[in-house]
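To start, the structure itself, in structure tokens.
None of the figures in this text is laboratory data; all of them are computed from the coordinates on show. This is a predicted model, so every value here is computed, not measured. Using ideal geometry, Cβ is built from the backbone for each residue, glycine included, and neighbour counts are taken over all protein chains shown.
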Amino acid sequence: MRRIAAALLLLLAAPLLSGQREPILVPEVSQSRIEVRQGFTGANLLLYGAVIAPPGTSDDYDIVVVVKGPTEPVRIREKDRIAGIWMNAGGSDFRSAPSFFAVASSRPIEEIVDERTAAIFELGTDFIQLSPSGQIDPEEQARFARGLVVLREKQGLYQENPEGVRISEGVLYQARIVLPSNVTTGNYTAETFAIARGRVLTSATARIAVEKVGLEGQVVIAAQRWSFIYGLGAIVLSLAMGWIAGRLFARG
């Protein structure tokens with residue numbers, strides 16, 4: 001079946017490859033929309049497709065898939081023991097850290113490209129562009145950035161799999177990415193890179209929407225559309241709950 005699929009892809013792409021010097025990527029994703037409901041335990045994404053080479057070329061391509069979640073500002077603080085008490089010491093702010101970041105590749109990244117290329121295309125957790133803010137010593141900044149990566153790796157939000165992409169017949173590829181239950185909702189991108197001889201030849205992007213549905217989704221929508229009324233309602237509800245709790249304890 002794989003041989004037949006590869007042959008069909010080559011046949012269909014032949015007109016497009018006429019005069020083409022670089023390969024064409026045809027990416028797909030198993031779920032373009034992921035619904036987050038109450039009791040959501042995560043999701044498994046299958047990213048697959050084909051890399052179709054121009055006639056007469058004989059390159060062996062490596063494939064790297066990078067999945068990113070929406071960016072968000074993050075503050076990282078370091079705890080230190082002062083006078084026998086653990087307290088917040090130094091810290092660093094990042095303007096746009098990805099809420100989720102996963103990389104899967106057909107081989108270890110260091111065997112595919114050099115560090116400069118990996119940094120340009122963010123091919124690995126060591127090369128995430130975190131956009132720090134404020135004035136801080138570069139070495140301290142790098143330490144806090146690494147601390148953020150390690151923390152999110154433990155949470156399952158940052159991942160790297162150096163053998164996570166399978167290539168069949170030199171044309172078809174597939175990779176699996178696990179989204180944990182604590183993912184942020186929003187728009188995600190899955191960018192696929194075709195690489196040969198240490199150079200990124202082409203890339204293509206698929207988009208994934210992670211959305212809350214059901215009661216939680218309605219609450220989120222209400223909070224976004226009617227933020228003032230939602231905030232006022234939350235205050236009234238808190239006061240009412242406090243008053244009720246006070247009356248109950250007073251009777252006891």
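Key figures
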| read-out | value |
| --- | --- |
| Extension gain, residue 140 back to residue 199 (0.36 nm per residue minus Cα-Cα distance, nm) | 18.1 nm |
| 14 Å cut-off, amide nitrogen to a point 7 angstrom out along residue 163 Cα→Cβ, residues in segment 98-117 | 105-109 |
| Under 5 Å, built H, 5+ apart or other chain: amide partners of residue 97 | 72, 74 |
| Two-decimal log10 I(q)/I(0) for segment 97-184, as the Debye equation yields it once each C-alpha is a single scatterer, q = 0.25 Å⁻¹ | -1.32 |
| Simple spin-label estimate for residue 119 and residue 78 in nanometres, 7 Å along Cα-Cβ | 2.2 |
| Extension gain (nm, one decimal) between residue 126 and residue 111, 0.36 nm per residue minus Cα-Cα | 3.9 nm |
